[in-house]
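First the structure, in the form of structure tokens, and then the observations on it.
What follows is calculated from the coordinates using simple rules that are stated; it is not laboratory data. Every value quoted in this text rests on a predicted model; they were computed, and no experiment measured them. Here the Cβ positions follow ideal geometry from the backbone for every residue, glycine too, while neighbour counts run over all protein chains shown.
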Amino acid sequence: MNTKQKELVKATVPVLKSNGTDLTKHFYTRMFKHNPELKNIFNMGNQASGKQQNALAGAVLAYAENIENPEVLINALKSIGNKHVSLNITPEQYDIVGLHLISSIKEVLGEAASPELIEAWIEAYNELAQVMISIEDEIYQSTLSKNGGWKGWREFIIAEIVEESTEIKSFYLKPKDEKAIANYLPGQFISIKTFIPSLGHEQPRQYSLSSAFSPDHYRISVKKEKNKDLPDGMVSNTLHQKNIGDEIWVSAPAGIFYADPNSEDPLVLISGGIGATPLLSMLETQKKTLQNNTIIWLHSCRDEKVHAFSDHIEDLNRNNSWLTTHIFYETVDRDSETIKKGRIDLHKMKEEILIDKAKYYICGPEAFIKAQYNSLIELGIGKENILYEEFGPQLLHLN
């Protein structure tokens, strides 16, 4: 891009701030009308809730604001790239997205979309697309180089189903071809894809791997969402209706939220609800590698009935001196030395969690992450030592 084109893109920032979501809503409506096959790839629950439109609007705005130095967005781009790899996104699909995005800019801006502005955005999009394709190709190649690695979708069998709480089930997935599967770092996720009869097409979802790596299976633990008739609950409800022996499509592990199993740094794990799943993988990997790092885990959920893996974690806590857990229930049915009533307040826990050289991992709902992140910053923890995993589209930009 030349200097004039960059200035033209930057000049659209005020419009993107005030009307960015209108643009992205128009874009998705247009794209799904002309390319309905993409409904098999995009999360239609996030479309229905508006989260995907908001996330794209934020991403387009961030790119326009940083058009002169897009390298500052590299961590966000790598996160998006990992998500794209888990969905088997191809370079050809970037052409489709680019066509509808540029057309949407023309249609939404109307007379304000001069030929020079459109040309500038075409150049901007093409440059971004090439960056993303390069990032994703590197991830694809890295995965293929692993023992048991693969690209795209692979058929797995549900080998075991375990009820972990009143709303969470674990699914043990084994490859149908009985060949090796790729290793992963604790905290990473896989995508699964299954047909949703009520929608009439397939839907993918990302689920954190909830155990240390085992060479013969993957384990995911899925919360059954209450809104079973809305797109954001259809996949979890469909999974909860599946049986042992059913087949499901799975992508190779991906993600930038993980703990280095070879690091000796202390870990402070902070989770809300189903956000415990990637942190449990970190905990079990820690036990498996015998690193004996100090780990402090704070977990919050509604009550004992919905608390998944409670017995397992209590057993780990009791038998490993390197682990200390603090459990918070909004509703407490019985008195317990290990259960605290209420929600996590990191300021009240600062003596337990402020540890030299510690890394802090947060996972849970958007509001939960933001609250815990801000508390850690107020307590003097550097941003570089705080990592978080946001389920769904990337709406938070805290680092």
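Can you give me the Cα centroid spacing of region 201-216 and region 102-147 in angstrom?
29
Just need the relative contact order of the chain here, percent rounded to a whole number, with Cα pairs under 8 Å and 6+ apart.
So the answer I get is 15 percent.
DSSP loop GluC sites (Glu not before Pro) in region 124-199 with at most 14 other Cβ atoms within 10 Å of their Cβ, which ones?
In loop regions of region 124-199 (DSSP not H, G, I, E or B), the sparsely surrounded GluC sites (Glu not before Pro) are E178.
About the Cα centre of region 154-250, how large is the charge dipole given +1 on each Lys and Arg Cβ and -1 on each Asp and Glu Cβ? Please answer in debye to the nearest 20.
In debye, rounded to 20, region 154-250 gives about 140.
Report, in listed order, any pair from K179/K287; K288/K359; K226/K341; K33/K146 with a Cα-Cα distance greater than 28 Å.
Beyond 28 Å between Cα atoms: K33/K146.
Is it possible to state the helix-based mean residue ellipticity at 222 nm for the chain, with each DSSP H run of 4+ residues giving -39500 (n - 2.57), the sum divided by total residues, to the nearest 500 deg cm²/dmol? What is it?
On the way: 12 runs with 165 residues, N = 399.
When only DSSP H runs of four or more count, the value is -13500 deg cm²/dmol.
Taking the Cα centre of region 3-144 as origin and charging only Cβ (+1 Lys, Arg; -1 Asp, Glu), how large is the dipole, in debye to the nearest 20?
Its charge dipole is roughly 580 debye.
Name the most mobile residue of G98, G58, G200, meaning the one with the largest mean-square fluctuation, in a Gaussian network model of the chain with Cα contacts below 10 Å.
Sorting by GNM fluctuation, first place goes to G200.
Suppose every Lys and Arg Cβ carries +1 and every Asp and Glu Cβ carries -1, with no other charges. What dipole size does region 162-320 come out with about its Cα centre, to the nearest 20 debye?
So the magnitude is around 260 debye.
At 0.36 nm per residue, and after removing the present C-alpha to C-alpha distance, how many nm does the segment from T338 to N183 gain when stretched out fully?
Extra length from T338 to N183 when fully extended: 52.4 nm.
Sticking with the crude label model, points 7 Å out along Cα→Cβ, report the distance from D356 to E92 in nm, one decimal please.
According to this spin-label approximation, the distance is 5.8 nm.
For labels at T331 and L144 in the simple 7 Å Cα→Cβ model, what's the distance in nm?
The answer from the label model is 5.2 nm.
Å³ per residue of the Cα convex hull, for region 296-392?
Taking only Cα atoms, region 296-392 has a hull volume of 114 Å³ per residue.
For a quick check, take a GNM of the chain with Cα springs below 10 Å and name the residue from N292, N43, N82 with the largest mean-square fluctuation.
Highest fluctuation among the options: N292.
Starting from region 325-373, pick out the trypsin sites (Lys or Arg not before Pro) whose DSSP state is loop and whose Cβ has at most 14 other Cβ atoms within 10 Å.
R334, R343, K348, K357
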